[in-house]
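**Student:** Before we start, here is the structure in question, set down as structure tokens.
The values are calculated or read from the model by the stated rules, or taken from the named source; none is laboratory data. Computed from a predicted model, the values in this text were never measured in an experiment. No Cβ is skipped: glycine too gets one built from the backbone with ideal geometry, and neighbour counts run over all protein chains shown.
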């Protein structure tokens, strides 16, 4: 008997899955291990993997197989059907963009990224401006091609790479609610925090080895499986590798352990998600993690909802003290909690606190949409950025280095990525609340440093679902409603104003 | 103007080169970094890379392009012509073996290797015997297919994977000379060494960090470029990665630094070769390292010819002492030299000294040829092995674990590999002698810890040649003669009997 069209598709996508896993390991290697001199060769290797992936994805027989499988859809179970949807979506996207455009984009982003590093160091936006224009120009062309193929608006077509099925119309609603909420709330929080005694600073040095062991110990307690993963060092912390071999990274500062530690817990959230994906569908599109907002919700659920909470820090404080040899009032859970929930408007997104972070994102979201829709040109970006920061947070970057040149995303061609950070934060609050509402042991156990009930809930409702459902449906099935920023807002009110 | 056939071939082989480099990094990762749980997924990734490589290599258009390029050979320079020869050879080999046979072989070796680990641990050859038979059977089928395509004998066709152009007829001559030489020489060496005062043992512990720093310091002095390479840890030391990103590994024993240190210097020899290959031809077949005997000659040249010499150890002893905090007579160069040149017949190949090592290889070479030619069945391998050890070295393995099950090679399908170790040792002696004869500064400078003149000679005569010439011609051009075991024998007589 010859193989069904669907089964043949699974074979093709198994190969694509393997190539993508190989890419994951090489990316990690570039960031964590590779000697500098390997860089140019490595970028050729990664480009070759992209080509190989693309070559399989645009094979003409794929279209026939997809059509045939779709005709015989009643032979498929729900997972297979969802898998087929993913396959068809990937095929459509891959074939929509002329290969010439893909190559031009790849070249332009690579060039622009290099110039950006320089321009940022020299604080000279004019240097990178023409290259950014070219990236934007090609981004729009790609977006238009995808927009036609997927029958979506231009922005949504770009967003789709990071947030499949995401719609700016919904993001607008969620973000505008936050924009209205923030000014008054931020004032109150700043007053509230000012009225309290000063936070006691923690003074180092904190040896890197001790910090690493502390991170490993907490990863282990949260459920990270070291038979299927590692913790290493890289300049920008991330979670990479493959779902059977997860590589998370951090960077250490001998003078301050707090941000590295929270970074490790954040990446552990990403890792637990990848580790919990359905083994049966490991290499298939349907078995992969959802888009960025769900992925980010899993890291932020651990970092923001769990690990920055008083409950967690009450339990973790003695472990932190033990590993770093700290004692006295500065090391008490109360002080650690205040350290980890300090709010202060600031210029740099990656250093922002939980309350002001969404403002950084909303600014970028507004600006990238304006640029994509040609309502704003990169020429006017620095001024628009500074106006936005003033309006949203009341501060003005003294330089473009601390303004519109701080993030790699646009220069590297990642347009449509930014909103997923804040969608993730909102999703995290909603998921964590639903989990705790549905099982009161989750919170009781977190106070004791037991995370199994939480992981069990996440495994059942998020991890094990892979891409069976669209993000909005996944969230609705797990939490009872689609994404709603008011749960995030309630969480902030409770944490920062005791409301 | 459309691209010439030759240029189109370069594009294809550039891709093959990249896939092979990716494989090199993933192999290194598996051995040095990967958590255990990643193993099954990793072997799928490596299999996928083999498939991708094979798919490019057997594209029908390649044959047309090769024919066309060969017809227009007068347009090519010497490097391009040699490159075309390599391409054609690879194409012939790849297309000669039916894909079904490749898959069956891959499956059988993977299974046999797993069973072998068990059988070795339980010292039960019978467990692995049927699997070894299957591997042998498929090896012979593959060998026959290649033998027809390449117009070579069966054994030479298998040897070709490790030693392109190698011929067992020449190996027979070289090895039989050694077999005649060894018994009497070994007796003399043992007496000679016995007559001397006892070697003073070096007692540890030697902290791993200090051993690592010593290794790094000597690698640096020998010329290893850390911008293009790393030193890490793995169970079996090796040199992997790519020529722009060389990953060498070692393993440390806190009670004995000597073997790890010499291992690092051995792998450094491999690494310097890879690092010195012609950049211009980096991804092309002609720019790759030669077969195993030349590669092994480059590691053994550093390990055996240079680093185990009195000259080197006189210079290195203070560095070794400094890093490991050693002092007293045991740490003097004289004692270190005696330690590093101690001869003692033993059962395990990888622990063997320079004098008896070839006997281990000759035994394996004789046995594998007999099995391939059906003059010996795996059933009778254990007895034949023990007889051979008795004849060659006068010792009998008490168990098959220390006998015919000690090496992975046959069980993993690497038939035709073994002779290259000793060909490498002989080649190393010949190359080192030629280099020193041609430039007397080489030896003068080694005494001072300066390796530039040696590296310059090797760069010009070996490294920069890539695969421009066949191994025999490369050797003849560099040393004035084809491989001749008498230079190796003279080296042994001089080192071990002061003759």
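**Student:** Could you grab me the full set of residues in region A:20-37 that are within 7 Å of chain B (Cβ to nearest Cβ) and part of a helix (DSSP H, G or I)?
**Tutor:** Within region A:20-37, A:21, A:22, A:25, A:26, A:29, A:36, A:37 meet the criteria.
**Student:** Hey, another quick one. Kindly indicate which of B:219, B:262 is within 24 Å of residue B:427 (Cβ to Cβ), in a helix (DSSP H, G or I) and within 14 Å of another protein chain (Cβ to nearest Cβ).
**Tutor:** Only one candidate qualifies: B:219.
**Student:** Can you confirm whether residue B:483 is assigned by TED's automatic domain parsing to the domain that holds residue B:295 and either within 30 Å of residue B:188 (Cα to Cα) or over 22 Å from the mean Cα position of the chain (by Cα) (or both)?
**Tutor:** Answer is yes for this residue.
**Student:** In this structure, is residue B:79 modelled with pLDDT of 95 or more, more than 14 Å from chain A (Cβ to nearest Cβ) and within 28 Å of the chain's Cα centre (by Cα)?
**Tutor:** yes
**Student:** Same structure again: Which one is farthest from the other protein chains (Cβ to nearest Cβ) among residues in region B:242-256 that are surrounded by fewer than 23 Cβ atoms within 10 Å (Cβ to Cβ) and either without any contact (Cβ under 8 Å) to a residue 12 or more places away in the chain or more than 14 Å from residue B:267 (Cβ to Cβ) (or both)?
**Tutor:** Out of the qualifying residues, it is B:256.
**Student:** Tally the residues that are surrounded by fewer than 22 Cβ atoms within 10 Å (Cβ to Cβ) and away from chain B (no Cβ under 13 Å), restricting the search to region A:276-290.
**Tutor:** 5
**Student:** Check region A:84-91 and report whether any residue there is over 25 Å from the mean Cα position of the chain (by Cα) and more than 14 Å from chain B (Cβ to nearest Cβ).
**Tutor:** For region A:84-91, residues over 25 Å from the mean Cα position of the chain (by Cα) and more than 14 Å from chain B (Cβ to nearest Cβ): present.
**Student:** Also, quick follow-up: From B:332, B:354, which residue is farther than 21 Å from residue B:204 by Cβ and in contact with a helix residue (DSSP H, G or I) (Cβ under 8 Å, 6 or more places away or on another chain)?
**Tutor:** Answer to the check: B:354.
**Student:** Based on what the data block shows, is residue A:10 at pLDDT below 95 and either in a helix (DSSP H, G or I) or within 22 Å of the chain's Cα centre (by Cα) (or both)?
**Tutor:** no
**Student:** Still on this structure, I have one more. Would you point out the residue of region B:222-241, among those that are assigned to a helix (DSSP H, G or I) and surrounded by fewer than 16 Cβ atoms within 10 Å (Cβ to Cβ), that is farthest from the other protein chains (Cβ to nearest Cβ)?
**Tutor:** B:226
**Student:** Tell me, yes or no, whether region B:78-99 has at least one residue that is touching a residue at least 12 places away in the same chain (Cβ under 8 Å), buried (at least 19 other Cβ atoms within 10 Å of the Cβ) and over 23 Å from residue B:60 (Cβ atoms).
**Tutor:** yes
**Student:** Something else now. Please go through (1) more than 14 Å from every other protein chain (Cβ to nearest Cβ); (2) surrounded by fewer than 17 Cβ atoms within 10 Å (Cβ to Cβ) for residue A:69 and return the number of the only condition it doesn't satisfy.
**Tutor:** The single condition residue A:69 does not satisfy is (2).
**Student:** Determine which single condition residue B:178 fails, assuming it passes every other condition in (1) touching a residue at least 12 places away in the same chain (Cβ under 8 Å); (2) closer than 27 Å to residue B:291 by Cβ; (3) surrounded by fewer than 17 Cβ atoms within 10 Å (Cβ to Cβ).
**Tutor:** (3)
**Student:** Could you list, in sequence order, the residues of region A:461-480 that are part of a helix (DSSP H, G or I) and under 21 Å from the mean Cα position of the chain (by Cα)?
**Tutor:** Answer for region A:461-480, where residues must be part of a helix (DSSP H, G or I) and under 21 Å from the mean Cα position of the chain (by Cα): A:461, A:463, A:464, A:465, A:471, A:472, A:473, A:474, A:475, A:476, A:478, A:479.
**Student:** For residue A:205, work out the one condition from (1) assigned to a loop (DSSP other than H, G, I, E, B); (2) surrounded by 15 or more Cβ atoms within 10 Å (Cβ to Cβ); (3) out of contact with any strand residue (DSSP E or B) (no Cβ under 7 Å at 6 or more places or on another chain) it doesn't fulfil.
**Tutor:** Result: residue A:205 passes all but (2).
**Student:** Also, I was wondering about something else. Of the residues in region B:43-57, how many are farther than 19 Å from residue A:244 by Cβ, more than 7 Å from chain A (Cβ to nearest Cβ) and either touching a helix residue (DSSP H, G or I) at 6+ places or on another chain (Cβ under 9 Å) or touching a residue at least 40 places away in the same chain (Cβ under 8 Å) (or both)?
**Tutor:** Number satisfying all stated conditions: 6.
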